[in-house]
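The values are calculated or read from the model by the stated rules, or taken from the named source; none is laboratory data. Just so it is clear, the model here is predicted, and its values are computed rather than measured. Here Cβ is always computed from backbone atoms with ideal geometry, including for glycine, and neighbour counts include all displayed protein chains. Accessible surface areas use protein heavy atoms only, side chains included; no ligands, DNA or RNA. Shrake-Rupley method; radii C 1.70, N 1.55, O 1.52, S 1.80 Å.
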Amino acid sequence: DFSKAMSQAGSSQFQEVIRQELEYSMKVELDKILATAPSNELEHTKKDLEGFKKLFHRFLQEKGPSVDWGKIQRPPEDSIQPYEKIKARGLPDNIASVLNKLVVVKLNGGLGTSMGCKGPKSLIGVRNENTFLDLTVQQIEHLNKSYNTDVPLVLMNSFNTDDDTKKILQKYSHSRVKIYTFNQSRYPRINKETLLPIAKDVSYSGENTECWYPPGHGDIYASFYNSGLLDNLIGEGKEYIFVSNIDNLGATVDLYILNHLMNPPNGKRCEFVMEVTNKTRADVKGGTLTQYENKLRLVEIAQVPKAHVDEFKSVSKFKIFNTNNLWIALSAIKRLQEKNTIDMEIIVNPKTLDGGLNVIQLETAVGAAIKSFENSLGINVPRSRFLPVKTTSDLLLVMSNLYSLNAGSLTMSEKREFPTVPLVKLGSSFTKVQDYLRRFESIPDMLELDHLTVSGDVTFGKNVSLKGTVIIIANHGDRIDIPAGALLENKIVSGNLRILDH
(Lines give C-alpha, C1' and ligand atoms only; values in the text may rest on other atoms or scores of the structure.)
Protein backbone atom coordinates (compact mmCIF):
# COMPACT_ATOMS: atom_id res chain seq x y z
CA ASP A 1 0.00 0.00 0.00
CA PHE A 2 2.88 2.32 0.85
CA SER A 3 4.48 1.83 -2.57
CA LYS A 4 1.09 2.35 -4.23
CA ALA A 5 0.61 5.59 -2.30
CA MET A 6 4.13 6.70 -3.26
CA SER A 7 3.58 5.97 -6.92
CA GLN A 8 0.24 7.88 -6.83
CA ALA A 9 1.97 10.83 -5.17
CA GLY A 10 4.72 10.59 -7.78
CA SER A 11 2.25 10.50 -10.65
CA SER A 12 0.30 13.50 -9.33
CA GLN A 13 3.59 15.43 -8.92
CA PHE A 14 4.50 14.47 -12.48
CA GLN A 15 1.10 15.65 -13.73
CA GLU A 16 1.59 18.92 -11.88
CA VAL A 17 4.96 19.46 -13.58
CA ILE A 18 3.41 18.74 -17.00
CA ARG A 19 0.58 21.17 -16.23
CA GLN A 20 3.00 23.92 -15.27
CA GLU A 21 5.02 23.35 -18.44
CA LEU A 22 1.89 23.51 -20.60
CA GLU A 23 0.78 26.73 -18.91
CA TYR A 24 4.21 28.27 -19.38
CA SER A 25 4.33 27.29 -23.09
CA MET A 26 0.82 28.71 -23.56
CA LYS A 27 1.84 31.99 -21.90
CA VAL A 28 4.87 32.29 -24.19
CA GLU A 29 2.72 31.70 -27.30
CA LEU A 30 0.00 34.14 -26.18
CA ASP A 31 2.63 36.83 -25.47
CA LYS A 32 3.96 36.37 -29.01
CA ILE A 33 0.43 36.76 -30.43
CA LEU A 34 -0.23 39.85 -28.28
CA ALA A 35 2.99 41.43 -29.54
CA THR A 36 1.48 41.48 -33.07
CA ALA A 37 -1.59 43.52 -32.02
CA PRO A 38 -1.84 47.06 -33.43
CA SER A 39 -2.03 49.73 -30.73
CA ASN A 40 -5.79 50.38 -31.24
CA GLU A 41 -6.55 46.68 -30.60
CA LEU A 42 -4.01 46.09 -27.85
CA GLU A 43 -6.24 46.62 -24.79
CA HIS A 44 -9.07 44.57 -26.23
CA THR A 45 -6.82 41.68 -27.33
CA LYS A 46 -5.10 41.67 -23.94
CA LYS A 47 -8.48 41.23 -22.17
CA ASP A 48 -9.44 38.39 -24.52
CA LEU A 49 -6.16 36.53 -24.06
CA GLU A 50 -6.29 37.01 -20.26
CA GLY A 51 -9.77 35.48 -20.24
CA PHE A 52 -8.57 32.60 -22.37
CA LYS A 53 -5.58 32.01 -20.08
CA LYS A 54 -7.93 31.62 -17.09
CA LEU A 55 -10.10 29.17 -19.01
CA PHE A 56 -7.06 27.17 -20.14
CA HIS A 57 -5.76 27.02 -16.54
CA ARG A 58 -9.09 25.58 -15.38
CA PHE A 59 -9.14 23.15 -18.31
CA LEU A 60 -5.77 21.74 -17.20
CA GLN A 61 -6.99 21.41 -13.59
CA GLU A 62 -10.23 19.56 -14.30
CA LYS A 63 -10.31 15.82 -14.81
CA GLY A 64 -13.05 14.01 -16.72
CA PRO A 65 -16.76 14.82 -16.48
CA SER A 66 -17.23 17.48 -13.87
CA VAL A 67 -20.21 16.01 -12.02
CA ASP A 68 -20.19 13.29 -9.42
CA TRP A 69 -23.21 11.25 -10.54
CA GLY A 70 -23.88 10.01 -7.00
CA LYS A 71 -24.54 13.59 -5.81
CA ILE A 72 -27.19 14.37 -8.42
CA GLN A 73 -30.66 14.67 -6.96
CA ARG A 74 -34.04 15.67 -8.28
CA PRO A 75 -34.67 19.37 -7.67
CA PRO A 76 -36.94 20.13 -4.67
CA GLU A 77 -40.62 20.64 -5.58
CA ASP A 78 -40.68 24.41 -5.06
CA SER A 79 -37.46 25.06 -6.99
CA ILE A 80 -39.23 24.51 -10.34
CA GLN A 81 -42.53 26.34 -10.52
CA PRO A 82 -45.27 25.56 -13.06
CA TYR A 83 -45.88 28.50 -15.41
CA GLU A 84 -49.66 28.24 -14.81
CA LYS A 85 -49.14 29.13 -11.14
CA ILE A 86 -47.10 32.20 -12.07
CA LYS A 87 -49.64 33.25 -14.69
CA ALA A 88 -52.53 32.81 -12.24
CA ARG A 89 -51.20 35.76 -10.20
CA GLY A 90 -52.27 38.05 -13.02
CA LEU A 91 -50.64 41.38 -13.79
CA PRO A 92 -50.48 44.57 -11.73
CA ASP A 93 -51.82 47.88 -13.04
CA ASN A 94 -48.31 49.31 -13.21
CA ILE A 95 -46.93 46.71 -15.63
CA ALA A 96 -45.38 49.50 -17.74
CA SER A 97 -43.13 50.60 -14.87
CA VAL A 98 -42.07 46.94 -14.44
CA LEU A 99 -41.32 46.66 -18.16
CA ASN A 100 -39.16 49.76 -18.02
CA LYS A 101 -36.73 47.82 -15.78
CA LEU A 102 -36.18 45.16 -18.47
CA VAL A 103 -33.53 44.73 -21.17
CA VAL A 104 -33.86 42.07 -23.89
CA VAL A 105 -30.56 40.38 -24.81
CA LYS A 106 -30.27 38.12 -27.85
CA LEU A 107 -27.34 35.79 -28.41
CA ASN A 108 -26.31 36.70 -31.94
CA GLY A 109 -22.84 35.19 -32.30
CA GLY A 110 -23.71 32.32 -34.65
CA LEU A 111 -23.27 31.99 -38.39
CA GLY A 112 -25.79 30.28 -40.65
CA THR A 113 -23.23 27.75 -41.86
CA SER A 114 -25.21 24.67 -40.73
CA MET A 115 -27.99 25.83 -43.08
CA GLY A 116 -25.60 26.62 -45.92
CA CYS A 117 -25.67 30.40 -45.45
CA LYS A 118 -22.84 32.88 -45.24
CA GLY A 119 -23.05 35.60 -42.61
CA PRO A 120 -25.02 35.89 -39.35
CA LYS A 121 -27.78 33.35 -38.80
CA SER A 122 -30.04 36.15 -37.55
CA LEU A 123 -30.25 37.51 -41.11
CA ILE A 124 -31.83 34.36 -42.61
CA GLY A 125 -35.41 34.97 -43.81
CA VAL A 126 -37.81 32.87 -41.75
CA ARG A 127 -41.29 34.19 -42.43
CA ASN A 128 -42.70 36.47 -45.17
CA GLU A 129 -39.19 37.76 -45.93
CA ASN A 130 -38.70 38.65 -42.24
CA THR A 131 -35.40 37.58 -40.65
CA PHE A 132 -34.89 36.46 -37.04
CA LEU A 133 -33.66 39.98 -36.31
CA ASP A 134 -36.67 41.64 -37.99
CA LEU A 135 -39.07 39.56 -35.90
CA THR A 136 -37.18 40.38 -32.68
CA VAL A 137 -37.28 44.13 -33.39
CA GLN A 138 -41.00 43.94 -34.31
CA GLN A 139 -41.81 42.15 -31.04
CA ILE A 140 -40.05 44.70 -28.85
CA GLU A 141 -41.39 47.64 -30.86
CA HIS A 142 -44.93 46.28 -30.38
CA LEU A 143 -44.28 46.02 -26.63
CA ASN A 144 -42.92 49.57 -26.41
CA LYS A 145 -45.85 51.00 -28.38
CA SER A 146 -48.52 49.03 -26.49
CA TYR A 147 -47.29 49.99 -23.02
CA ASN A 148 -45.53 53.27 -23.85
CA THR A 149 -42.24 51.85 -22.52
CA ASP A 150 -38.57 51.88 -23.39
CA VAL A 151 -37.35 48.27 -23.48
CA PRO A 152 -33.99 48.21 -25.30
CA LEU A 153 -32.58 45.35 -27.38
CA VAL A 154 -28.99 44.26 -26.82
CA LEU A 155 -27.25 41.95 -29.29
CA MET A 156 -24.26 39.92 -28.22
CA ASN A 157 -22.35 39.58 -31.48
CA SER A 158 -19.17 37.67 -32.22
CA PHE A 159 -16.28 38.78 -34.42
CA ASN A 160 -17.97 36.61 -37.09
CA THR A 161 -21.30 38.48 -37.04
CA ASP A 162 -20.49 42.00 -35.83
CA ASP A 163 -19.82 43.82 -39.12
CA ASP A 164 -22.76 42.36 -41.05
CA THR A 165 -25.14 42.92 -38.13
CA LYS A 166 -24.10 46.55 -37.66
CA LYS A 167 -24.70 47.29 -41.35
CA ILE A 168 -28.23 45.88 -41.11
CA LEU A 169 -29.06 47.78 -37.90
CA GLN A 170 -29.24 51.05 -39.87
CA LYS A 171 -32.59 49.93 -41.25
CA TYR A 172 -34.12 50.05 -37.75
CA SER A 173 -32.97 53.60 -37.00
CA HIS A 174 -36.58 54.86 -37.07
CA SER A 175 -38.09 52.00 -35.09
CA ARG A 176 -39.14 52.46 -31.49
CA VAL A 177 -36.39 50.28 -30.06
CA LYS A 178 -32.98 51.36 -28.84
CA ILE A 179 -30.48 48.77 -30.07
CA TYR A 180 -27.06 48.23 -28.49
CA THR A 181 -24.39 45.69 -29.36
CA PHE A 182 -21.33 44.30 -27.66
CA ASN A 183 -18.91 41.61 -28.76
CA GLN A 184 -18.09 38.22 -27.35
CA SER A 185 -14.44 37.49 -26.68
CA ARG A 186 -12.22 36.09 -29.40
CA TYR A 187 -10.22 33.07 -28.23
CA PRO A 188 -7.52 31.05 -30.02
CA ARG A 189 -8.25 27.50 -31.12
CA ILE A 190 -5.63 25.08 -29.87
CA ASN A 191 -3.97 22.12 -31.54
CA LYS A 192 -5.36 18.92 -30.03
CA GLU A 193 -1.92 17.28 -29.87
CA THR A 194 0.31 20.11 -28.63
CA LEU A 195 -2.36 22.12 -26.73
CA LEU A 196 -0.85 25.30 -28.20
CA PRO A 197 -2.61 28.01 -30.25
CA ILE A 198 -2.60 27.53 -34.01
CA ALA A 199 -2.67 31.32 -34.53
CA LYS A 200 0.68 33.05 -35.03
CA ASP A 201 -0.66 36.61 -34.89
CA VAL A 202 -3.84 38.52 -34.00
CA SER A 203 -5.31 38.79 -37.49
CA TYR A 204 -8.52 36.88 -38.05
CA SER A 205 -9.28 37.42 -41.72
CA GLY A 206 -8.42 35.35 -44.78
CA GLU A 207 -6.63 32.13 -43.94
CA ASN A 208 -6.52 33.07 -40.24
CA THR A 209 -10.31 32.90 -39.73
CA GLU A 210 -10.02 29.28 -38.62
CA CYS A 211 -7.52 30.15 -35.87
CA TRP A 212 -10.09 31.93 -33.66
CA TYR A 213 -13.52 31.22 -32.20
CA PRO A 214 -16.17 32.86 -29.97
CA PRO A 215 -16.14 30.87 -26.69
CA GLY A 216 -19.82 29.97 -26.29
CA HIS A 217 -22.60 32.05 -24.74
CA GLY A 218 -21.22 31.63 -21.20
CA ASP A 219 -18.89 34.45 -22.22
CA ILE A 220 -21.82 36.89 -21.89
CA TYR A 221 -21.08 37.78 -18.25
CA ALA A 222 -17.48 38.91 -18.77
CA SER A 223 -18.06 40.53 -22.17
CA PHE A 224 -21.19 42.40 -21.10
CA TYR A 225 -19.37 43.69 -18.02
CA ASN A 226 -16.14 44.56 -19.89
CA SER A 227 -18.05 46.44 -22.61
CA GLY A 228 -19.28 49.02 -20.07
CA LEU A 229 -22.85 48.47 -21.28
CA LEU A 230 -23.84 46.62 -18.09
CA ASP A 231 -22.97 49.65 -15.95
CA ASN A 232 -24.70 52.03 -18.35
CA LEU A 233 -27.95 50.04 -18.21
CA ILE A 234 -27.83 49.82 -14.40
CA GLY A 235 -27.31 53.59 -14.41
CA GLU A 236 -30.51 53.95 -16.47
CA GLY A 237 -32.46 52.04 -13.83
CA LYS A 238 -32.63 48.69 -15.63
CA GLU A 239 -32.78 45.68 -13.29
CA TYR A 240 -33.21 42.46 -15.28
CA ILE A 241 -32.13 41.04 -18.60
CA PHE A 242 -34.10 38.45 -20.54
CA VAL A 243 -31.53 36.41 -22.47
CA SER A 244 -32.32 33.95 -25.27
CA ASN A 245 -30.96 32.55 -28.52
CA ILE A 246 -31.91 34.71 -31.50
CA ASP A 247 -32.99 31.58 -33.40
CA ASN A 248 -35.56 30.61 -30.73
CA LEU A 249 -38.72 32.15 -32.16
CA GLY A 250 -40.71 31.20 -29.03
CA ALA A 251 -38.56 33.36 -26.72
CA THR A 252 -40.72 36.46 -26.45
CA VAL A 253 -40.98 38.77 -23.41
CA ASP A 254 -43.39 37.18 -20.94
CA LEU A 255 -45.07 39.72 -18.65
CA TYR A 256 -46.14 37.14 -16.06
CA ILE A 257 -42.58 35.89 -15.53
CA LEU A 258 -41.29 39.47 -15.40
CA ASN A 259 -43.92 40.40 -12.81
CA HIS A 260 -42.97 37.33 -10.73
CA LEU A 261 -39.36 38.51 -10.75
CA MET A 262 -40.06 42.12 -9.86
CA ASN A 263 -42.87 41.42 -7.36
CA PRO A 264 -42.07 38.02 -5.84
CA PRO A 265 -44.89 36.54 -3.71
CA ASN A 266 -42.54 35.89 -0.78
CA GLY A 267 -40.82 39.27 -1.06
CA LYS A 268 -37.44 37.71 -1.92
CA ARG A 269 -36.27 38.36 -5.44
CA CYS A 270 -34.68 35.70 -7.64
CA GLU A 271 -31.35 36.60 -9.21
CA PHE A 272 -31.62 33.93 -11.90
CA VAL A 273 -34.60 32.24 -13.54
CA MET A 274 -34.24 29.48 -16.11
CA GLU A 275 -37.19 28.56 -18.31
CA VAL A 276 -37.40 24.79 -18.67
CA THR A 277 -39.96 22.73 -20.54
CA ASN A 278 -40.99 19.10 -20.63
CA LYS A 279 -38.76 16.75 -22.60
CA THR A 280 -40.03 14.90 -25.61
CA ARG A 281 -38.12 12.13 -27.37
CA ALA A 282 -36.59 14.83 -29.57
CA ASP A 283 -34.96 16.62 -26.64
CA VAL A 284 -33.05 13.84 -24.93
CA LYS A 285 -29.72 15.65 -25.33
CA GLY A 286 -30.85 18.94 -23.77
CA GLY A 287 -29.28 20.06 -20.48
CA THR A 288 -31.41 19.43 -17.37
CA LEU A 289 -31.83 21.12 -14.00
CA THR A 290 -30.81 19.05 -10.97
CA GLN A 291 -30.15 19.59 -7.28
CA TYR A 292 -26.42 19.29 -6.59
CA GLU A 293 -24.73 20.17 -3.32
CA ASN A 294 -27.85 22.11 -2.22
CA LYS A 295 -27.87 24.32 -5.31
CA LEU A 296 -29.83 24.21 -8.55
CA ARG A 297 -27.39 23.11 -11.22
CA LEU A 298 -27.55 22.70 -14.98
CA VAL A 299 -26.12 19.38 -16.12
CA GLU A 300 -25.26 19.03 -19.82
CA ILE A 301 -24.80 15.71 -21.61
CA ALA A 302 -21.06 16.38 -22.07
CA GLN A 303 -20.60 16.35 -18.27
CA VAL A 304 -22.28 13.00 -17.73
CA PRO A 305 -20.04 9.95 -17.15
CA LYS A 306 -20.42 7.52 -20.09
CA ALA A 307 -22.00 4.83 -17.91
CA HIS A 308 -24.92 7.15 -17.08
CA VAL A 309 -25.66 8.74 -20.47
CA ASP A 310 -28.72 6.54 -21.10
CA GLU A 311 -30.09 7.39 -17.66
CA PHE A 312 -29.52 11.09 -18.39
CA LYS A 313 -31.45 10.78 -21.67
CA SER A 314 -34.38 9.01 -20.01
CA VAL A 315 -37.59 11.01 -20.25
CA SER A 316 -38.92 9.46 -17.03
CA LYS A 317 -36.04 10.41 -14.68
CA PHE A 318 -35.14 13.83 -16.07
CA LYS A 319 -38.43 15.21 -17.30
CA ILE A 320 -37.39 18.74 -18.22
CA PHE A 321 -34.67 20.51 -20.21
CA ASN A 322 -33.23 24.01 -20.42
CA THR A 323 -34.70 26.23 -23.17
CA ASN A 324 -31.87 28.77 -22.71
CA ASN A 325 -34.46 31.47 -22.00
CA LEU A 326 -32.97 33.10 -18.90
CA TRP A 327 -33.92 36.05 -16.68
CA ILE A 328 -30.96 37.44 -14.72
CA ALA A 329 -30.56 40.37 -12.31
CA LEU A 330 -28.08 42.95 -13.62
CA SER A 331 -26.83 43.86 -10.14
CA ALA A 332 -26.02 40.19 -9.48
CA ILE A 333 -23.98 39.89 -12.69
CA LYS A 334 -22.02 42.99 -11.68
CA ARG A 335 -21.40 41.68 -8.14
CA LEU A 336 -20.29 38.19 -9.24
CA GLN A 337 -18.17 39.55 -12.06
CA GLU A 338 -16.34 41.92 -9.72
CA LYS A 339 -15.73 39.13 -7.21
CA ASN A 340 -14.73 36.79 -10.05
CA THR A 341 -17.01 34.07 -8.65
CA ILE A 342 -19.07 33.01 -11.67
CA ASP A 343 -18.39 29.31 -12.02
CA MET A 344 -19.23 27.54 -15.28
CA GLU A 345 -18.10 24.10 -16.37
CA ILE A 346 -15.78 23.99 -19.36
CA ILE A 347 -17.13 22.45 -22.53
CA VAL A 348 -14.37 20.97 -24.70
CA ASN A 349 -15.54 21.21 -28.29
CA PRO A 350 -13.38 19.23 -30.76
CA LYS A 351 -13.30 20.41 -34.39
CA THR A 352 -11.54 19.28 -37.54
CA LEU A 353 -10.42 22.17 -39.76
CA ASP A 354 -10.66 22.15 -43.56
CA GLY A 355 -7.03 21.04 -43.87
CA GLY A 356 -7.67 18.06 -41.57
CA LEU A 357 -6.03 19.53 -38.45
CA ASN A 358 -7.72 18.47 -35.17
CA VAL A 359 -8.26 21.37 -32.80
CA ILE A 360 -10.20 21.96 -29.61
CA GLN A 361 -12.06 25.04 -28.49
CA LEU A 362 -12.86 25.68 -24.83
CA GLU A 363 -16.35 27.05 -24.24
CA THR A 364 -18.84 27.76 -21.46
CA ALA A 365 -22.66 27.88 -21.43
CA VAL A 366 -24.63 30.83 -20.02
CA GLY A 367 -27.09 28.63 -18.05
CA ALA A 368 -24.28 26.80 -16.24
CA ALA A 369 -23.77 29.88 -14.04
CA ILE A 370 -27.12 29.28 -12.29
CA LYS A 371 -25.34 27.78 -9.28
CA SER A 372 -23.37 30.99 -8.71
CA PHE A 373 -26.50 33.13 -8.24
CA GLU A 374 -28.65 33.48 -5.12
CA ASN A 375 -32.25 32.30 -4.95
CA SER A 376 -32.36 30.70 -8.41
CA LEU A 377 -35.58 29.30 -9.83
CA GLY A 378 -36.72 27.11 -12.70
CA ILE A 379 -40.07 27.84 -14.36
CA ASN A 380 -41.67 25.04 -16.35
CA VAL A 381 -43.04 26.90 -19.36
CA PRO A 382 -45.25 25.70 -22.24
CA ARG A 383 -43.45 24.11 -25.16
CA SER A 384 -44.47 27.08 -27.34
CA ARG A 385 -41.70 29.14 -25.68
CA PHE A 386 -39.13 26.84 -27.25
CA LEU A 387 -39.24 27.10 -31.03
CA PRO A 388 -35.63 26.96 -32.22
CA VAL A 389 -34.74 27.00 -35.90
CA LYS A 390 -31.54 24.97 -36.22
CA THR A 391 -32.25 23.20 -39.52
CA THR A 392 -34.40 23.57 -42.63
CA SER A 393 -36.76 20.98 -41.11
CA ASP A 394 -37.42 23.53 -38.31
CA LEU A 395 -37.69 26.28 -40.92
CA LEU A 396 -40.44 24.37 -42.76
CA LEU A 397 -42.53 24.27 -39.57
CA VAL A 398 -42.28 28.02 -38.86
CA MET A 399 -42.93 28.98 -42.50
CA SER A 400 -46.04 26.82 -42.68
CA ASN A 401 -49.68 27.50 -41.80
CA LEU A 402 -49.10 25.79 -38.42
CA TYR A 403 -48.17 29.25 -37.17
CA SER A 404 -49.66 32.69 -37.58
CA LEU A 405 -47.52 35.80 -37.30
CA ASN A 406 -48.64 38.79 -35.28
CA ALA A 407 -46.40 41.75 -34.35
CA GLY A 408 -43.26 39.65 -34.78
CA SER A 409 -44.56 36.76 -32.62
CA LEU A 410 -45.44 33.32 -33.95
CA THR A 411 -48.36 31.52 -32.35
CA MET A 412 -49.69 28.11 -33.24
CA SER A 413 -52.77 28.28 -35.42
CA GLU A 414 -56.07 27.73 -33.62
CA LYS A 415 -57.06 25.46 -36.49
CA ARG A 416 -54.55 22.84 -35.38
CA GLU A 417 -56.41 20.35 -33.23
CA PHE A 418 -53.53 19.34 -30.95
CA PRO A 419 -50.81 21.58 -29.56
CA THR A 420 -47.80 19.44 -30.48
CA VAL A 421 -45.63 20.17 -33.49
CA PRO A 422 -45.31 17.52 -36.26
CA LEU A 423 -42.03 15.61 -36.46
CA VAL A 424 -40.31 16.69 -39.70
CA LYS A 425 -37.17 15.10 -41.13
CA LEU A 426 -35.89 16.49 -44.42
CA GLY A 427 -32.99 14.66 -46.10
CA SER A 428 -29.62 16.04 -47.17
CA SER A 429 -30.99 17.50 -50.45
CA PHE A 430 -32.79 20.07 -48.28
CA THR A 431 -29.95 20.99 -45.86
CA LYS A 432 -29.01 24.31 -47.47
CA VAL A 433 -31.61 27.07 -47.35
CA GLN A 434 -31.31 27.88 -51.06
CA ASP A 435 -31.81 24.19 -52.04
CA TYR A 436 -34.72 23.88 -49.63
CA LEU A 437 -36.45 26.98 -51.05
CA ARG A 438 -35.97 25.71 -54.60
CA ARG A 439 -37.75 22.43 -53.75
CA PHE A 440 -41.00 24.04 -52.56
CA GLU A 441 -43.09 26.06 -55.03
CA SER A 442 -45.16 26.93 -51.99
CA ILE A 443 -45.06 25.65 -48.40
CA PRO A 444 -47.54 22.74 -48.03
CA ASP A 445 -50.63 22.84 -45.80
CA MET A 446 -49.45 21.03 -42.64
CA LEU A 447 -52.30 21.71 -40.19
CA GLU A 448 -53.17 18.02 -39.88
CA LEU A 449 -49.67 16.59 -40.27
CA ASP A 450 -48.16 14.30 -37.60
CA HIS A 451 -44.96 13.13 -39.23
CA LEU A 452 -43.09 13.92 -42.45
CA THR A 453 -39.94 12.21 -43.71
CA VAL A 454 -38.47 13.25 -47.07
CA SER A 455 -35.34 11.69 -48.54
CA GLY A 456 -33.64 12.10 -51.93
CA ASP A 457 -34.44 14.32 -54.92
CA VAL A 458 -37.99 15.47 -54.14
CA THR A 459 -39.83 18.64 -55.13
CA PHE A 460 -43.25 19.95 -54.09
CA GLY A 461 -45.66 21.78 -56.40
CA LYS A 462 -48.01 24.56 -55.33
CA ASN A 463 -50.79 24.02 -52.76
CA VAL A 464 -49.84 20.51 -51.62
CA SER A 465 -51.59 19.23 -48.45
CA LEU A 466 -49.91 16.80 -46.06
CA LYS A 467 -51.91 14.96 -43.39
CA GLY A 468 -51.17 12.21 -40.87
CA THR A 469 -47.89 10.37 -41.56
CA VAL A 470 -46.25 11.04 -44.93
CA ILE A 471 -43.00 9.41 -46.04
CA ILE A 472 -41.46 10.33 -49.39
CA ILE A 473 -38.32 8.50 -50.49
CA ALA A 474 -36.71 9.00 -53.91
CA ASN A 475 -34.14 6.28 -54.58
CA HIS A 476 -30.68 7.25 -55.74
CA GLY A 477 -30.92 8.53 -59.33
CA ASP A 478 -34.73 8.86 -59.19
CA ARG A 479 -36.66 12.06 -58.77
CA ILE A 480 -40.11 12.54 -57.30
CA ASP A 481 -42.18 15.63 -58.12
CA ILE A 482 -45.25 15.93 -55.92
CA PRO A 483 -47.80 17.52 -58.29
CA ALA A 484 -49.52 20.84 -57.55
CA GLY A 485 -52.68 20.48 -55.49
CA ALA A 486 -51.84 16.93 -54.32
CA LEU A 487 -53.28 15.68 -51.03
CA LEU A 488 -51.11 13.11 -49.27
CA GLU A 489 -52.72 11.59 -46.19
CA ASN A 490 -50.99 8.64 -44.46
CA LYS A 491 -49.03 7.82 -47.61
CA ILE A 492 -45.66 6.34 -48.46
CA VAL A 493 -44.32 7.62 -51.78
CA SER A 494 -41.29 5.75 -53.03
CA GLY A 495 -38.86 5.24 -55.90
CA ASN A 496 -40.83 6.05 -58.99
CA LEU A 497 -43.76 7.98 -57.54
CA ARG A 498 -45.92 5.04 -56.52
CA ILE A 499 -48.25 6.43 -53.89
CA LEU A 500 -49.19 3.79 -51.29
CA ASP A 501 -51.54 3.91 -48.32
CA HIS A 502 -49.77 4.07 -44.98
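Provide a single number: the residues in region 433-460 that are assigned to a loop (DSSP other than H, G, I, E, B), at pLDDT 95 or above and in contact with a helix residue (DSSP H, G or I) (Cβ under 8 Å, 6 or more places away or on another chain). Residues flagged as assigned to a loop (DSSP other than H, G, I, E, B), at pLDDT 95 or above and in contact with a helix residue (DSSP H, G or I) (Cβ under 8 Å, 6 or more places away or on another chain) within region 433-460 amount to 1.
As a summary of the residue check, Ser114 satisfies the conditions (1) among the small types (Gly, Ala, Ser); (2) open to solvent by less than 80 Å² (accessible area, probe 1.4 Å); (3) at pLDDT 90 or above except for the one numbered (3).
Residue-by-condition table, conditions (1) of a type in the set (Asp, Glu); (2) at pLDDT below 90; (3) not in a helix (DSSP H, G or I):
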residue	(1), (2), (3)
Glu311	yes, yes, no
Ser316	no, yes, yes
Asn322	no, no, yes
Lys334	no, no, no
Glu338	yes, no, no
Asp343	yes, yes, yes
Val348	no, yes, yes
Gly355	no, yes, yes
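When residues in region 451-468 are screened for being open to solvent by 70 Å² or more (accessible area, probe 1.4 Å) and either under 31 Å from the mean Cα position of the chain (by Cα) or not charged (D, E, K, R) (or both), 1 of them pass.
Is it the case that region 32-39 has a residue that's out of contact with any His (no Cβ under 7 Å at 6 or more places or on another chain), without any contact (Cβ under 8 Å) to a residue 40 or more places away in the chain and part of a helix (DSSP H, G or I)? Checked against the condition, which is being out of contact with any His (no Cβ under 7 Å at 6 or more places or on another chain), without any contact (Cβ under 8 Å) to a residue 40 or more places away in the chain and part of a helix (DSSP H, G or I), region 32-39 yields at least one hit. Residue-level check: of (1) in contact with a Leu (Cβ under 7 Å, 6 or more places away or on another chain); (2) more than 30 Å from Lys53 (Cβ to Cβ); (3) outside any strand (DSSP E or B); (4) open to solvent by less than 20 Å² (accessible area, probe 1.4 Å), Val126 misses just (3). Scan region 388-409 residue by residue and report those that are over 18 Å from Asn463 (Cα atoms), touching a strand residue (DSSP E or B) at 6+ places or on another chain (Cβ under 8 Å) and open to solvent by 20 Å² or more (accessible area, probe 1.4 Å). Pro388, Thr391, Asp394, Leu405 - these are the residues of region 388-409 that are over 18 Å from Asn463 (Cα atoms), touching a strand residue (DSSP E or B) at 6+ places or on another chain (Cβ under 8 Å) and open to solvent by 20 Å² or more (accessible area, probe 1.4 Å). Ser66 meets all of the listed conditions (1) touching a helix residue (DSSP H, G or I) at 6+ places or on another chain (Cβ under 8 Å); (2) modelled with pLDDT of 95 or more; (3) under 27 Å from Asn380 (Cβ atoms) but one, namely (2). In region 300-309, the qualifying residues are those that are part of a helix (DSSP H, G or I) and either of a type outside the set (Lys, Arg) or not assigned by the TED database to the domain that holds Ala365 (or both), and the one that is surrounded by the most Cβ atoms within 10 Å (Cβ to Cβ) is Gln303. Could you tell me whether region 469-477 includes any residue that is crowded, with 18+ Cβ neighbours inside 10 Å, modelled with pLDDT of 95 or more and under 14 Å from Thr392 (Cβ atoms)? The answer is no, given that none of the residues of region 469-477 is crowded, with 18+ Cβ neighbours inside 10 Å, modelled with pLDDT of 95 or more and under 14 Å from Thr392 (Cβ atoms).
In a residue-by-residue description of region 270-286, the property of being of a type in the set (D, E, K, R), assigned to a helix (DSSP H, G or I) and under 30 Å from Ala222 (Cβ atoms) applies to at least one position. When each of Asn375, Asn358, Asn406, Asn401 is tested for being out of contact with any helix residue (DSSP H, G or I) (no Cβ under 8 Å at 6 or more places or on another chain) and under 30 Å from Gly228 (Cα atoms), the lone residue that passes is Asn375.
From the list Ile234, Ile246, Ile220, Ile257, exactly one residue is of a type in the set (A, V, I, L, M, F, W, C), modelled with pLDDT of 95 or more and open to solvent by 50 Å² or more (accessible area, probe 1.4 Å). Which is it? Testing whether each residue is of a type in the set (A, V, I, L, M, F, W, C), modelled with pLDDT of 95 or more and open to solvent by 50 Å² or more (accessible area, probe 1.4 Å) leaves just Ile234.
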